[in-house]
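One structure below.
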Amino acid sequence: TAKLSPEKLLCQLRDRVNVTMIQGSDGPFDTSEWQQYLPGKSLNESVGRLGRCAVVSSAGSLKSSHLGQEIDSHDAVLRFNGAPVKGFQEDVGQKTTIRLVNSQLVTVEEQQFLREVLYNTGILIVWDPAPYHAEIHEWYRKPDYNFFDSYKLYRSTHPEQPFYILNPKMQWQLWDILQENSLEHIQPNPPSSGMLGIVIMMTLCDEVDVYEFLPSKRQTDICHYYQKFHDRACTMGAYHPLLFEKNLVKHINQGTDEDIYVHGKVTLPGFRNVHC
Ligand code: NCC
């Protein structure tokens, strides 16, 4: 279904998707109140220059994968939402450098988010679905989930832990590229945390290995490796354009089909290594 060559697609991603975190100089966040809460250091300063990185999807197919050691051998590991490592190290490893969470988790499960120790490791990034190409001010007045109070509370209790808010413009810059490269019309819903996390790591790392985003031979209807819940929509997508995301990632994969089948592993270049 892809219309552009893998090389051109990588260039589009590199040049059109602006991966930035909200800063104290940005629009409605340029108040003295917000200066207290937003991290002083940029994400780049917090992580430094990264070589090999791993992105670990939360898919049920990670179960019994024995990928833990391989995942931990990377310089940095990104995980999603409430995906645990405790008790699952053998399959998913134990290193967590960055955890990308959706805003629903930072509000609805606020109590859990504020209490659960799993969130206290690594760098946190929260994202919230914004209206299509909305201005930051418009989004700020009406976020999909109002996570701002919870964010502030978390920052007050964990001031040393870097915790960023993803600039919402990124999700639609990425969505536009997904749409342009698909023959079908895509529902205008933002990409999944998985797809956002992949592109975040492509901006920070020399090379990115993604695990079980494209399912291996272990593919299953079990939604997450850490829960018993069954739902095909977890792998194929319902709200998020997951199927289109997966087609795009398959198209730019630099690894082998065997690596996908056996390890659920895709290898992507960091944007530093994309030459246009
Ligand atoms: O399930 P979720 O995603 O936390 O998974 C993180 C990312 O892993 C990839 N994935 C997951 C399961 C699966 N079988 N195959 C996969 O490829 C996807 O790329 C996914 O993004 C989200 O994207 O934020 C999502 O969050 C959950 C939920 O809000 C959180 O887990 C917090 O509890 C959403 N589920 C529900 O709202 C019920 C999910 O739709 C998207």
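FYI, it's all coordinate maths here, none of it is from the lab. This is a predicted model, so every value here is computed, not measured. Cβ placement follows ideal geometry from the backbone for every residue including glycine, while neighbour counts extend to all protein chains displayed.
Near GLY237: Cβ cut-off under 13 Å, other residues only, Lys/Arg at +1 and Asp/Glu at -1. The net charge is -1.
Note down the magnitude of the dipole of region 210-276 about its Cα centre, charges +1 on Lys and Arg C-beta and -1 on Asp and Glu C-beta and zero elsewhere, to the nearest 20 debye.
Taking the Cα centre of region 210-276 as origin, the dipole is about 80 debye.
Once the Cβ-Cβ distance of ASP176 and GLU70 is raised to the sixth power relative to R0 = 22 Å, the FRET efficiency obtained is 0.05.
Taking every pair of Cα atoms in region 45-187, average 1/r, invert it to obtain the Kirkwood radius, and report Rg/Rh to two decimals. Mind showing how you got there, number by number?
Values: Rg = 16.7 Å, Rh = 16.8 Å.
Looking at region 45-187, the ratio lands at 0.99.
Taking each pair of different alpha-carbon atoms in the chain once, compute 1/r for the pair, average those values, and report the inverse of that mean as the Kirkwood hydrodynamic radius in Å to one decimal. Write out the running numbers ahead of the final one.
Numbers: mean 1/r = 0.0527 Å⁻¹.
19.0 Å is the Kirkwood radius here.
Roughly what % antiparallel, to the nearest 5, for the DSSP beta bridges in the chain?
On the way: 8 of 28 bridges.
Antiparallel bridges: around 30 percent, rounded to the nearest 5.
When the chain is described by a simple charge dipole with +1 on each Lys and Arg Cβ and -1 on each Asp and Glu Cβ, the residue from GLN111, ALA76, PRO215 located farthest towards its positive end is PRO215.
The GluC sites (Glu not before Pro) of region 111-175 meeting both criteria, a DSSP state outside H, G, I, E and B (loop) and at most 11 other C-beta atoms within 10 angstrom of the site's C-beta, are GLU160.
Counting every alpha-carbon pair across region 187-276, the share separated by more than 21 Å comes to 33%. Separation of region 1-20 and region 25-103, taken as the distance between their Cα centroids, equals 23 angstrom. A DSSP coil position with no more than 12 other Cβ atoms inside 10 Å describes the following GluC sites (Glu not before Pro) in region 169-238: GLU184. Close amide H contacts of PHE88 (hydrogens built in the peptide plane, cut-off under 5 Å, sequence separation of 5 or more or a different chain): none are found.
Would you mind counting up the charge near LEU9? Only other residues with Cβ under 15 Å from its Cβ, with Lys and Arg at +1 and Asp and Glu at -1. Spell out each step's value before the answer.
Details: positive: LYS3, LYS8, ARG14, ARG16, LYS246, LYS250; negative: GLU7, ASP15, ASP176, GLU180, GLU245.
Overall, the nearby charge balance is +1.
Counting other C-beta atoms within 10 Å, and keeping those with at most 15, which DSSP coil trypsin sites (Lys or Arg not before Pro) do you find in region 1-108?
Sites meeting the loop and neighbour criteria: LYS3, LYS41, ARG49, LYS86.
Toward the positive end of the charge dipole of region 11-55, with +1 on the Cβ of Lys and Arg and -1 on the Cβ of Asp and Glu, the farthest Cα among VAL17, SER42, CYS53 is that of CYS53. Summing Cβ point charges (Lys, Arg +1; Asp, Glu -1) relative to the Cα centre of the chain gives a dipole of roughly 200 debye. Here region 158-210 was treated as a single set of alpha-carbon atoms; its pair distances binned every 10 Å from 0 give 20, 43, 29, 7, 2 percent.
Per residue of the chain, what 222 nm ellipticity follows from adding -39500 (n - 2.57) for every DSSP H run with n ≥ 4, rounded to the nearest 500?
Working: 14 runs with 104 residues, N = 276.
Rounded to the nearest 500, it is -9500 deg cm²/dmol.
Computing FRET efficiency as 1/(1 + (r/R0)^6) for VAL117 and TYR145, where r is the C-beta to C-beta distance and R0 is 22 Å, gives about 0.45. Between GLU184 and ASP221, the C-beta separation translates, for a Förster distance of 22 Å, into a calculated FRET efficiency of about 0.40.
In region 62-193, taking the dipole from charged Cβ atoms about the Cα centre, the farthest positive-side position among GLN187, ILE136, LEU124 is held by LEU124. Think of each Lys and Arg Cβ as +1 and each Asp and Glu Cβ as -1; about the Cα centre, that makes the dipole of region 108-222 roughly 260 debye.
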